[in-house]
Amino acid sequence: MSRVLIVGAGLTGSLCACLLRRELQSKVHIEVWDKARGAGGRMSTSRPPDSLSHSADLGAQYVTATSAYAQSHHSLYSELQSCGVLQPLDAPIEGLKHKDGSKDYMTPLGMGSLVKHFLSQSGADLSLERHVTGVFLRGASWEVQRTAGDSELFDAVVLTMPVPQILQLQGDLGRLLSVQQQQQLDGVSYSSRFAVALFFPPDAVFSFSWGARYVSSNRCICYISNEPGKRNADSPGLGPSLVVHTSVPFGVEHLEQDKEEVQPIILKELYQLLPDLPQPISIKCHKWRYSQVLTSVPDCPGHMTVHDQPPLVLAGDAFVHSNFDGCVESALSVLPALTAALPR
Ligand SMILES: Cc1cc2nc3c(=O)[nH]c(=O)nc-3n(C[C@H](O)[C@H](O)[C@H](O)COP(=O)(O)OP(=O)(O)OC[C@H]3O[C@@H](n4cnc5c(N)ncnc54)[C@H](O)[C@@H]3O)c2cc1C
């Protein structure tokens, strides 16, 4: 049985695992490793330390399907809607510029539930807090090293983390990339921003009714989400919380500062924008060094094959574009590249 390792339990990695399982069923053993404490990557949903009734999306907020993607990814959209993971976004979003024919969806249990759905469907062995540090070609296998110093052998490896993190890996990857591939990867760029989640007492009441609001006139804050409001009334018992995203210029200006230093600046701006806001019981701040892809790999190939046999494939939103459908395109493109190289 082939042993496949997928590095990264974000949307691309979890959907790759799910598609591979559906294609090869019991003929493949799939492992998914992620350095984080939870699955989701940039689609993760966070909770405060002492509350099960609060949750907030620190990264991706909702899914926008263009009419073209609604058609080409129809089966995934129907699957996610039929099991309740995805529902139409009905809450008012102030300042949202609707594109013709596109449709917005929200996740009643948070964006992380999208990733968890595909992971659970994949039957893959998920290992969290497993930080990959290098990939080494050993005959017909890949030896994958992790921070703890130990390593394991696999018949195929798919790397789905942001490109700068892929390029930091030790081992044979750099040597195997062609000059053109190296140039294409070097050209990938990302925006950076901070996200702050504020969790409020269960009886806190907001003086606004929007589900989310785009802020155009603030140098620090560009977006605020009222988490229970955004998820409609379909999340009964969800405690009140807000998520704030900073603008990209602010993110770039403060990128090298600790998030503890930057959090008070963001909160001060927030309370100036929303002076009636109650006091939170818990706050979580996250720095997205690699937030959304600004420049993707030219011609959006979906993935990059670094080595055919044994296969080493790079994937993720950088190979298409930065949203739900970009990750789906990437995962769909990985499948034939991988199955062609694995015994059936
Ligand atoms: C603030 C923000 C807002 C966004 N808003 C939206 C939105 O509203 N709608 C939308 O569709 N998209 C949105 N996006 C984009 C969307 O979140 C991404 O396109 C998508 O989540 C990327 O998924 P991925 O699996 O390709 O990468 P990731 O989610 O980044 O997954 C990569 C995983 O690899 C892991 N990893 C990294 N290095 C290692 C290592 N060395 N060893 C092991 N594991 C490692 C990481 O922990 C991570 O879990 C937003 C993103 C951000 C940050």
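In order along segment 182-194, the Karplus-derived 3J(HN,Hα) couplings, from 6.51 cos²θ - 1.76 cosθ + 1.60 at θ = phi - 60°, round to 4, 4, 5, 6, 4, x, 6, 9, 10, 7, 10, 7, 9 Hz, and Gly and Pro are given as x.
For the charge dipole of the chain, defined by +1 on Lys and Arg C-beta atoms and -1 on Asp and Glu C-beta atoms about the Cα centroid, which residue among Val32, Ala195, Gly174 has the Cα displaced farthest towards the positive pole? Toward the positive end, the furthest listed residue is Val32. Of the Cα atoms belonging to segment 107-155, the radius of gyration and Dmax stand at 14.8, 47 Å.
Projecting the Cα atoms of Ser141, His321, Tyr223 onto the charge dipole of the chain, computed from C-beta unit charges around the Cα centre, puts Ser141 farthest toward the positive end.
Amide H contacts under 5 Å for Leu294: Ser189, Tyr190, Ser191, restricted to partners 5 or more places along the chain or on a different chain, H placed in the peptide plane at 1.01 Å from N. What whole-number distance in Å separates the alpha-carbon centres of segment 297-330 and segment 31-65? Distance between centres, Cα-based: 22 Å. The phi torsions of segment 271-287, fed into the Karplus equation with coefficients 6.51, -1.76 and 1.60 and a -60° offset, translate into couplings of 6, 6, 6, 10, x, 7, 5, x, 7, x, 9, 7, 9, 10, 10, 9, 9 Hz, rounded to whole numbers, with Gly and Pro shown as x.
Annotation: extensible slack from Lys99 through Glu79 equals 4.8 nm (criterion: 0.36 nm per residue apart, minus Cα-Cα distance).
Do you know the relative contact order of segment 45-175, to the nearest whole percent, from alpha carbon pairs under 8 angstrom that are 6+ apart? Before the final figure, lay out each step's value.
Values: 142 pairs, mean separation 23.9, N = 131.
Averaging sequence separation for qualifying contacts and normalising by length gives 18 percent for segment 45-175.
Along each principal axis, taking the top coordinate minus the bottom one, the Cα set of the chain gives 64, 43, 40 Å in descending order.
Looking at segment 26-125 from every direction and averaging, what is the projected area of its Cα convex hull in nm²?
Working: hull surface 34.2 nm².
The Cα convex hull of segment 26-125, projected and averaged over all directions, gives 8.6 nm².
Give me Arg289, Arg47, Arg22 sorted ascending by neighbouring Cβ count inside 10 Å, so fewest comes first. Before the final figure, lay out the partial values.
Working: Arg289 14, Arg47 20, Arg22 11.
Ordered from fewest to most neighbouring Cβ atoms within 10 Å, Arg289, Arg47, Arg22 come out as Arg22, Arg289, Arg47.
Among the lysines of the chain, pairs that are 8 or more positions apart or on different chains and have alpha carbons within less than 17 Å of each other number 8. When both bridge partners sit in segment 1-89, DSSP labels roughly 25% of those beta bridges antiparallel.
Say R0 is 56 Å: what FRET efficiency, to the nearest 0.05, do Gln272 and Gln309 get from their beta-carbon distance? E between Gln272 and Gln309, to the nearest 0.05, is 0.45.
Computed from phi, the 3J(HN,Hα) profile of segment 203-214 under the Karplus parametrisation 6.51, -1.76, 1.60 (θ = phi - 60°) reads 8, 5, 10, 8, 8, 10, 10, 6, x, 7, 9, 8 Hz, with x in place of Gly and Pro. Across the chain, C-alpha contacts under 8 Å between residues 6 or more apart give a mean separation that, scaled by the residue count, equals a relative contact order of 22 percent. Bridges between two residues of the chain, per DSSP, are antiparallel at a rate of about 70%. Which residues in segment 103-117 place their backbone N less than 20 Å from a point set 7 Å from the Cα of Ser72 along the Cα-to-Cβ direction? Of the residues in segment 103-117, 103-105 have backbone N under 20 Å from the label point off Ser72. Computed from the alpha carbon positions, the gyration tensor of segment 192-293 leads to an equivalent ellipsoid with semi-axes of 23, 14, 13 Å, biggest first. Could you compute how fast segment 290-340 diffuses translationally, taking Rh as the Kirkwood radius over C-alpha pairs and applying Stokes-Einstein at 37 °C with viscosity 0.692 mPa s? Give it in µm² per second. It diffuses with D of about 299 µm²/s by this estimate. Taking the Cα centroid of segment 160-194 and of segment 77-149, what is the distance between the two, rounded to the nearest whole Å? Centre-to-centre (Cα) distance: 21 Å.
Here, each number is a calculation from the coordinates, and none is a lab measurement. In this text the structure is predicted, and so the values were computed from the model without any measurement. Note: ideal-geometry Cβ built from the backbone for every residue, glycine included; neighbour counts use all protein chains shown.
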